[in-house]
Amino acid sequence: MEKIIREIPNTFDLPYRIKKLADLAHNLWWAWNPEAARMIKEIDPLLWERSHHNPVVFLRSVDPATYETLIKDRYFLGRYDRIMREFNAYMKPVDTWFSRAYPNLLDDEIAYFSFEYGLHESLMVYAGGLGVLSGDHLKESSDLGMPLVGVGFLYTYGYFSQRITEDGWQEARNVQIVYDDLPLIALYDENREPIKISVELPGRTVYARLYELNVGRVKLVLMQTNIPENNPNDRQLTDRLYTSDPELRISQEILLGIGGFRALKALGHNPSIYHMNEGHSAFLTLERTRELVRQGKTFDEAIDLVKRSSVFTTHTPVPAGNDEFPIWMVEKYFANLWPQLGLNREQFMDIARIKQDWGGEAFSMPKLALKLSNFRNGVSKIHGQVSKQMWHELWPDKPVDEVPITYITNGVHTRTWLARRLAILYRRYLGADWYDHIDDEEMWQRVDLIPDADLWRVRRHLKRKLVAYMVNRARDAWQAGSVHPVQTVASGVLLDPYALTIGFARRFATYKRANLVLTDVDRLLRIVTNPRKPVQIVFAGKAHPSDEPAKLLIQEVYRHVKDARFGGRLVFLDDYDMDMARYLVQGVDVWLNTPRRPREASGTSGQKAALNGTLNFSVLDGWWAEGYNGANGWAIGDSTVSDNQDEQDKADAESLYDTLENEIVPLYYTMRSADGLPGDWIERMKESIKTLTPRFSTTRMVKQYMNELYLPAIQSMEKESVQEKA
Ligand SMILES: *Cc1c(COP(=O)(O)O)cnc(C)c1O
């Protein structure tokens, strides 16, 4: 193994006494440790906002005089020393969940592959839910002490930034990522050459430079092709997330799967287990097979080894959403591979060939992943069942129930999404070590000990904070001079921080039915404008730039937002990202979700809401079908599914209005005479926090991945090596 030089490329003029702030800025640990984030922010709160919560940009821009003041501030230094001690202790743990549970497996590394990672709003290498799940998976793996390494892309442009025009049309703006602004670790070999890997594409070789990102104790390896070694086209390979150009897309997926495997090798990793988060990285299985055949295994032996050590998670509940390529294109890109595997063209294509509805054929990435992994899962109970049906054709001899796809329901990384003030309450009433027991359902019973008045005070604070956030954004946009007054009204300046507030924020896609709540405008008007019991709704979310129906949906919602009869109580916030998601899930009272069943594979934003005491009001799909217990939120409709979509929509809308009018609104506005608090609401809130936080945490989720998928995979590999020795 050659020597690897790891270097922080950024330099800061920090005084010696606090120079370790640079290390803190280069590890995302701070992003889920609110006291650390707060220490950085309070150096210069306005500059922190202007730097978009990016500590690298921030530390570079702080006035040197401010630093000089800080190193004379005993209060600040005390805080700095305490946080650095915590950080250092975290980075060199005595023991962790993993080291206690699996002391013999510390050398069995798990490689995690994903197209996108949502780690923080200052790192725009994510588009939405899949990315946030990957980011949360890494953070939790760090907390649990898992020997895990992530692989992904460093994009040139972040996912687009969204602006809504006066007439409700989504405009997409590309924002170039400035690498110098990111907390990247640059990697060099012993000759001080940047470490690169290459993959073969038709008629040429493409190179990618490697970087690392520190996610607590876990490393994320990122690849990037915008380097002089590549021709201008290939330099754009890692420009964007989710391009719709199929040749670009297949090239990206070759780089992710095949390049990612080579990147791990180049950096000295030798994982025991490979986890493919969605099918985008499935070419990984072919590269691993090729490597084993090159080492002298037969094709069948190689395939068997690859299967035993591969884990595949599918997230897509509909065939149309799956990733596939025309056969001719796969031929163009892989014709040199099948001889290396000892296969002919037909044998190769058969691995992942599927029939399309119109009779044609395609090469399916999820099929490739499913066939070359022995460990497969969907992301909720319902989605597991849907996946079994969807892929039944791969196991035609088995009854649907025995199709070997299990499920592990998604969760969220608690401390990333929890409001700081609630963390203080949890610490006081659940115990100082509550954070080490997040998946312990017993512990959460102690939520009952939190005095109602304290919990309610924090909740009111969080809603005021959300309203202040909206007003500040609206004022900035207004001052910048580019908006019409109606856009200012639409962005939340008329909201009442004490009225019942509903949040609906997610990617815009027609099946998510953002307009379900608008089905009967007159009825909604009566609900929203009730002078004694007003209701407000905040919408946010991006539509994929090529999804025209979803953009029309945004426009429809925006038309109602602008309707003066609603009095500014309907709001659309543009440019949804992780920062806004935090304000919303923490600040609103009710989290609304209205997908068409069974299209919501899991959903996670409602889980973020729940741990903050925000109540879910959702269709019984995805995670909510498992989470809802009758007393911890509300259901829209029941579990029956109508074949007639219009009828289903009508029934769901009816149910939504009924529950809103008869249960949710009265509950929120009914105060106990004893203390003037909405006692029944608070009771429901506590029930929600208690029952949902432990079960829908990544603590539960990552442990489950370890115990139910990674461990059996490791064990099946061990059996192999025993046989080999014998
Ligand atoms: C959590 C999150 C999502 C995913 O939410 P869903 O409920 O799964 O739709 C998408 N985007 C952002 C910015 C998020 O924080």
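Each value in this text was obtained by applying a stated rule to the coordinates, not by laboratory testing. Bear in mind that the values here come from a model prediction, so they are computed numbers and not experimental data. Reconstructed Cβ throughout: ideal geometry from the backbone, glycine too, with neighbour counts over all protein chains shown.
Given the pairs 139/542; 388/512; 533/650; 355/650; 265/512, which span a C-alpha to C-alpha distance of over 32 angstrom in this model? Where the Cα-Cα span goes over 32 Å, the pairs concerned are 355/650; 265/512. Each peptide in 619-632, 689-702 receives the mean, over its residues, of other Cβ atoms within 10 Å, and ordering these scores from highest gives 689-702, 619-632.
Would you mind putting 576-584, 709-717 in packing order, based on average other-beta-carbon counts within 10 Å, highest first? Provide the component values of the computation, followed by the final result.
On the way: 576-584: 21.3, 709-717: 18.6.
Order by mean packing, descending: 576-584, 709-717.
Listed peptides 142-155, 357-370 appear in the order 142-155, 357-370 once ranked by packing, highest mean of other Cβ atoms within 10 Å at the front.
For the range 5-91, the residue among 84, 14, 55 whose Cα projects farthest onto the positive side of the dipole built from Cβ charges is 84. Compared with the dominant Cα axis of the chain, that is its longest principal axis, helix 420-430 is turned about 90°. Above 19 Å, the calculated P(r) of the range 5-91 contains 34 percent of its Cα-Cα pairs.
Rounded to the nearest 20 debye, the dipole magnitude of the range 5-91 is 200 debye, with +1 charges on Lys and Arg beta carbons, -1 on Asp and Glu beta carbons, and the Cα centre as origin. For the range 122-129, the Karplus equation 6.51 cos²θ - 1.76 cosθ + 1.60, evaluated at θ = phi - 60°, returns couplings of 7, 10, 7, 9, 9, 10, x, x Hz by residue, with Gly and Pro reported as x.
Treating only the Cβ of Lys, Arg, Asp and Glu as charged (+1, +1, -1, -1), what charge dipole size does the range 388-486 show about its Cα centre? Round to the nearest 20 debye. Mind showing how you got there, number by number?
On the way: 16 positive and 14 negative charges, 248 e Å.
For this selection, approximately 1200 debye.
Note on the chain: with charges restricted to the Cβ of Lys and Arg (+1) and Asp and Glu (-1), its dipole about the Cα centre is near 1700 debye. Distance from the C-alpha centroid of the range 227-264 to that of the range 433-450: 45 Å, rounded to the whole angstrom.
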